[in-house]
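Q: Here's a structure for you.
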Amino acid sequence: MHPDNGPEFISTKLSEWHEQQSIIPRWIQLGKPTQNAYIERFNGSFRRELLGAHRFRSLAHVRQLVEEWRHDYNTQRSHQALNFTIPLEQAA
């Protein structure tokens, strides 16, 4: 029998970790994803362009493709949230 790793157990561990790190979580309201629009946008792009677009052969393959995608995302693409500049330019 496999241990249950349901949300109620994960949230307990997450709460413990927050406390150990002296982090106060700030949750978005249920049904209000626009309160976290930048992350929602990133997650959609990541899911569509990487996770849904490839069949991974191994963990090494996943790491390679994620690194290529991350490099492109941060050094080649302009982002509307950054006034159509590239994140690398914003960091400079």
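The values are calculated or read from the model by the stated rules, or taken from the named source; none is laboratory data. Here the structure is a predicted model, which means the values were calculated and not measured. As a convention, Cβ positions derive from the backbone with ideal geometry for all residues, glycine included, and neighbour counts pool all protein chains shown.
Q: If the Cβ limit is 8 Å and pairs must be 6+ apart or interchain, which residue in the range 28-57 that is at negative phi pairs with which residue that is aromatic (Phe, Trp, Tyr)?
A: So the pair list comes out as Ser45/Tyr73; Phe46/Trp69; Glu49/Trp69; Leu50/Trp69.
Q: Right, something else. Give me the pairs, please: first residue somewhere in the range 64-84 and of a type in the set (Lys, Arg), second residue anywhere and surrounded by 12 or more Cβ atoms within 10 Å (Cβ to Cβ) and assigned to a helix (DSSP H, G or I), beta-carbon distance under 9 Å, and either six or more positions apart or on two chains.
A: Close Cβ pairs (under 9 Å, with a partner that is surrounded by 12 or more Cβ atoms within 10 Å (Cβ to Cβ) and assigned to a helix (DSSP H, G or I)) amount to Arg77/Pro87.
Q: Against the definition (of a type in the set (A, V, I, L, M) and surrounded by 13 or more Cβ atoms within 10 Å (Cβ to Cβ)), how does Leu50 come out, yes or no? Give the steps one after another, and end with the answer.
A: Values: of a type in the set (A, V, I, L, M): yes; surrounded by 13 or more Cβ atoms within 10 Å (Cβ to Cβ): yes.
Spelling it out, Leu50 is indeed of a type in the set (A, V, I, L, M) and surrounded by 13 or more Cβ atoms within 10 Å (Cβ to Cβ).
Q: Turning to a different aspect of this structure: Anything in the range 53-86 that is exposed (fewer than 11 other Cβ atoms within 10 Å of the Cβ), closer than 19 Å to Asn43 by Cβ and modelled with pLDDT of 85 or more? List them, or say none. Walk me through how you get there before you give the answer.
A: Filtering the range 53-86 down to residues exposed (fewer than 11 other Cβ atoms within 10 Å of the Cβ) leaves 53, 55, 57-60, 67, 76, 80, 83-84.
Adding the requirement that they be closer than 19 Å to Asn43 by Cβ leaves 53, 67, 80.
Result: Ala53, Glu67.
Q: Would you check if Ile24 is surrounded by fewer than 11 Cβ atoms within 10 Å (Cβ to Cβ), in contact with a helix residue (DSSP H, G or I) (Cβ under 8 Å, 6 or more places away or on another chain) and hydrophobic (A, V, I, L, M, F, W, C)?
A: Working: surrounded by fewer than 11 Cβ atoms within 10 Å (Cβ to Cβ): yes; in contact with a helix residue (DSSP H, G or I) (Cβ under 8 Å, 6 or more places away or on another chain): yes; hydrophobic (A, V, I, L, M, F, W, C): yes.
Considered against the rule, which asks whether it is surrounded by fewer than 11 Cβ atoms within 10 Å (Cβ to Cβ), in contact with a helix residue (DSSP H, G or I) (Cβ under 8 Å, 6 or more places away or on another chain) and hydrophobic (A, V, I, L, M, F, W, C), Ile24 comes out as yes.
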